[in-house]
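Working notes for the structure below.
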Amino acid sequence: MSTVSDAIAFLEEFAPPMLAESWDNVGLLVGRRDCVLKKVMTCLTLTPDVAQEAVTEGVQLIVTHHPVLFRGTKTISDSTSEGRMLLTLIEKKIAVYSPHTSFDSAQTGVNQQLATSFGLNDVLPIRPTEVGGSIGSGRLGTLTNAISLNEFLGVVRIAANAAYVEYCGQLNASVQQVAVACGSAAEFMEDAITLGCDTFVTGEARFHSALAARDRGVNLILLGHYSSERPAVESLAGMMADAFAGTEVFASRVETDPLAVCIP
């Protein structure tokens, strides 16, 4: 039977911890390594409703993209929502692992999957690591043929299964050299411009980043944080299911985007 330790070995080979940003909190965050796995659940964010789903489903390991205990937590008690959630998981012997920015930057991680789904060719990291040119932060690549921003917006929305996308740019503008950085990653836009990209795609960005994009003449596309990362969480469940025969692996079925779209 597979154990939490076996799952960690798989995850650390797929998304090596050395790829994580220095400010991140990745790895086994809760639980015992020797626990036998019967069920594993992946999710984007471990919230109380997702944790309750894990309890109800009899899960032994949650793989959450966004880490719990992210900031300097000094106490775990029932005085906070996160504390109550973690106490329940510990009492139910449910382990929690987060690959976070290691998963973002991995060779077949979140950003690579986004770039591929958008139809980009010759994909490379925006910021390569020192150990290899095929891994690193963000991705950039080239469409086989230039298309309009209007057309590319449709490609992006469908590929990420996004309810909507926001953009900055002229709808008839040309798109061919594209950079991608999942989540909240507007800090990569300047890199993308320097590398000759005409379009930058991320999950979310501040208002002033949109002003900067307009000023610099680069197309900016915002997918929404959830839409930019949730598809990869679902694909990770499939990869783990293939790797661990006899263990049920599924992506959270109750997790939803906390933001909704108002259509008058």
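The values are calculated or read from the model by the stated rules, or taken from the named source; none is laboratory data. A quick note: this is a predicted structure, and the numbers were derived from the prediction, not measured. Virtual Cβ from ideal backbone geometry, glycine too; neighbours counted across all protein chains shown.
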Exercise for the section: Would you confirm whether any residue within segment 88-110 is within 14 Å of the chain's Cα centre (by Cα), more than 30 Å from Lys39 (Cβ to Cβ), at pLDDT 95 or above and part of a loop (DSSP other than H, G, I, E, B)? Expected result: no
Completion exercise
Among (1) surrounded by fewer than 18 Cβ atoms within 10 Å (Cβ to Cβ); (2) touching a strand residue (DSSP E or B) at 6+ places or on another chain (Cβ under 6 Å); (3) in a strand (DSSP E or B); (4) not basic (Lys, Arg), Val63 falls short only on (1)
Handout entry: Tally of residues being among the aliphatic types (A, V, I, L, M), out of contact with any Ser or Thr (no Cβ under 8 Å at 6 or more places or on another chain) and in the same structural domain as Glu190 (by TED's automatic domain parsing) across segment 206-232
Key = 4
Practice task
Those residues that are surrounded by 20 or more Cβ atoms within 10 Å (Cβ to Cβ) and touching a helix residue (DSSP H, G or I) at 6+ places or on another chain (Cβ under 7 Å), I need them from segment 141-161; list them, please.
Solution key: Gly141, Ala160
Exercise for the section: Six or more apart or on different chains, Cβ under 8 Å: which pairs go from a residue in segment 194-222 that's free of Cβ contacts under 8 Å to residues at least 40 places away in the same chain to one that's aromatic (Phe, Trp, Tyr)? Could you list them? Expected result: Phe200/Phe188; Thr202/Phe188; Gly203/Tyr226
Fill in the blank from the handout: Output for Cβ contacts, cut-off 6 Å, separation at least six or different chains, first residue within 13 Å of Val50 (Cα to Cα) and in contact (Cβ under 8 Å) with a residue 40 or more places away in the chain in segment 76-88, second assigned to a loop (DSSP other than H, G, I, E, B) and of a type in the set (Val, Ile, Thr), reads Leu86/Ile76
